[in-house]
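Novice: Before we start, here is the structure in question, set down as structure tokens.
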Amino acid sequence: MATLKKTILFIGFGNLAKSILNKDLKSNFKISYINSSKKIEFINSKKSYKSTYDVVFLLVKPNIFYNYGKEFSKYTNKKTIIISFMAGVRINTISKKINNSRIVRVMPSVLSLYKNSHSCVFSHYHNLSKWTVKNVTNLFGTSFIISNENDMHKATVLFGSGPAFIAFVTKSYLDACKQFNLKFNFTNDPILDMFKFVLQHSDKFGGFEKFINSISSKKGVTQEGISYLRNSNIKKIMYTSLIKSYKRSKELSLGK
């Protein structure tokens with residue numbers, strides 16, 4: 001006898017919600033979501049309203065949850081697993097609002113759509129963390145269970161926000177290259193291809209630093225540019241960006 005698929009309700013249907021809604025998740029669960037008019041919409045399930053759901057995904061912004069979170073309890077029962085994708089909002093806060101202790105926090109990235117996310121998972125109950133990894137986050141890519149809820153702030157910065165930081169740095173380099181106005185007779189951007197190839201092959205040189213040294217020579221062209229980057233303390237700029245995001249995540253946990 002076939003096992004009945006569990007039901008999931010998405011509360012919130014923005015960019016992150018759409019990115020985790022990959023074909024594997026749709027194949028494994030019956031999924032509905034609440035639209036902006038607070039009506040239930042059906043993604044891959046029959047159009048029959050359920051009063052409560054097996055799993056509820058919290059995908060709203062923290063300020064919306066702080067203001068309206070108590071209303072979400074009507075979609076849950078004592079057996080419902082609540083999986084929060086919200087940045088900064090702690091489990092105890094969610095539990096008090098929704099009156100449910102079966103809560104898991106997850107921080108994936110928008111790369112979940114392509115099964116290339118690195119998702120961090122935390123719950124006060126290890127069995128819930130393991131269930132979430134096996135049945136949910138492994139559908140997004142790679143999963144990590146963390147043992148300290150405070151580390152979810154770090155996970156939010158490194159894995160939730162990380163793809164945007166990497167994209168920003170990459171775009172900045174590409175934009176700088178375009179100012180040289182060198183014309184390419186290629187369909188693909190060779191500068192972007194170069195990024196991919198450096199990531200692909202740098203390990204063969206023994207890591208990034210040895211890769212850099214293999215190209216740089218004393219008083220040479222490459223060394224001139226690398227020296228400027230080092231003197232500009234690019235590492236400090238990047239670290240400061242991460243710290244600012246980390247502090248913002250902690251502020252969200254306080255309802256700011």
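The values are calculated or read from the model by the stated rules, or taken from the named source; none is laboratory data. Fair warning: this is a prediction, and the values are worked out from it, not measured in the lab. Here Cβ is always computed from backbone atoms with ideal geometry, including for glycine, and neighbour counts include all displayed protein chains.
Residue by residue, here is whether (1) outside any helix (DSSP H, G or I); (2) not assigned by TED's automatic domain parsing to the domain that holds T80 holds:
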| position | (1), (2) |
| --- | --- |
| T142 | yes, no |
| T170 | no, yes |
| L174 | no, yes |
| F184 | yes, yes |
| D193 | no, yes |
| K196 | no, yes |
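Novice: State which residue is farthest from S51 (Cα to Cα) when the search covers only region 3-34 and only residues that are of a type in the set (V, I, T) and either part of a strand (DSSP E or B) or out of contact with any helix residue (DSSP H, G or I) (no Cβ under 6 Å at 6 or more places or on another chain) (or both). Before you say what the answer is, go through the steps one by one.
Specialist: Going residue by residue through region 3-34, those that are of a type in the set (V, I, T) are 3, 7-8, 11, 20, 31, 34.
Among the residues that remain, those that are also either part of a strand (DSSP E or B) or out of contact with any helix residue (DSSP H, G or I) (no Cβ under 6 Å at 6 or more places or on another chain) (or both) are: 3, 7-8, 11, 31, 34.
On the way: T3: 21, T7: 11, I8: 12, I11: 14, I31: 14, I34: 13 Å.
Looking at residues that are of a type in the set (V, I, T) and either part of a strand (DSSP E or B) or out of contact with any helix residue (DSSP H, G or I) (no Cβ under 6 Å at 6 or more places or on another chain) (or both), I get T3.
Novice: Next question. Looking only at residues that are modelled with pLDDT under 95 and touching a helix residue (DSSP H, G or I) at 6+ places or on another chain (Cβ under 8 Å) in region 35-59, which one is nearest to I8 (Cα to Cα)?
Specialist: Y53
Novice: Okay, next question. Identify, from the list S161, S117, S109, the residue that is more than 30 Å from T52 (Cα to Cα) and under 13 Å from the mean Cα position of the chain (by Cα).
Specialist: S161
Novice: Residues to consider are F197, F159; find the one that is aromatic (F, W, Y), free of Cβ contacts under 8 Å to residues at least 60 places away in the same chain and in contact with a strand residue (DSSP E or B) (Cβ under 8 Å, 6 or more places away or on another chain). It would help to see each step written out before you state the result.
Specialist: Details: F197 fails: in contact with a strand residue (DSSP E or B) (Cβ under 8 Å, 6 or more places away or on another chain).
Only one candidate passes the filter, namely F159.
Novice: Condition first: assigned to a helix (DSSP H, G or I) and not hydrophobic (A, V, I, L, M, F, W, C). Now tell me which residues in region 95-123 satisfy that.
Specialist: The initial filter retains those residues of region 95-123 that are assigned to a helix (DSSP H, G or I), namely 95-98, 110-114.
Those that are assigned to a helix (DSSP H, G or I) and not hydrophobic (A, V, I, L, M, F, W, C): S95, K96, K97, S112, Y114.
Novice: Can you tell me which residue is modelled with the lowest pLDDT among those in region 216-256 that are surrounded by 13 or more Cβ atoms within 10 Å (Cβ to Cβ) and among the aliphatic types (A, V, I, L, M)?
Specialist: Once the filter is applied, the top-ranked residue is L252.
Novice: Can you find, within region 59-87, the residue that is nearest to C120 (Cα to Cα) among those that are of a type in the set (G, A, S) and out of contact with any Ser or Thr (no Cβ under 9 Å at 6 or more places or on another chain)?
Specialist: Of the residues in region 59-87, the ones of a type in the set (G, A, S) are 69, 73, 84, 87.
Checking the rest, the ones that are also out of contact with any Ser or Thr (no Cβ under 9 Å at 6 or more places or on another chain) come to 73, 84.
On the way: S73: 25, S84: 12 Å.
So, considering only residues that are of a type in the set (G, A, S) and out of contact with any Ser or Thr (no Cβ under 9 Å at 6 or more places or on another chain), the one nearest to C120 (Cα to Cα) is S84.
Novice: To continue, here is another question. Test S123 against the stated conditions and say whether it is among the hydroxyl-bearing types (S, T, Y) and modelled with pLDDT of 95 or more. Give the derivation first.
Specialist: Working: among the hydroxyl-bearing types (S, T, Y): yes; modelled with pLDDT of 95 or more: yes.
Spelling it out, S123 is indeed among the hydroxyl-bearing types (S, T, Y) and modelled with pLDDT of 95 or more.
Novice: How about region 95-142: which of its residues are of a type in the set (A, V, I, L, M), touching a strand residue (DSSP E or B) at 6+ places or on another chain (Cβ under 6 Å) and surrounded by fewer than 22 Cβ atoms within 10 Å (Cβ to Cβ)?
Specialist: Step one: filter region 95-142 for residues of a type in the set (A, V, I, L, M), giving 98, 103-104, 106-107, 110-111, 113, 121, 128, 133, 136, 139.
Those left that are additionally touching a strand residue (DSSP E or B) at 6+ places or on another chain (Cβ under 6 Å): 103-104, 106-107, 111, 121, 128, 133.
Selection gives L111, L128, V133.
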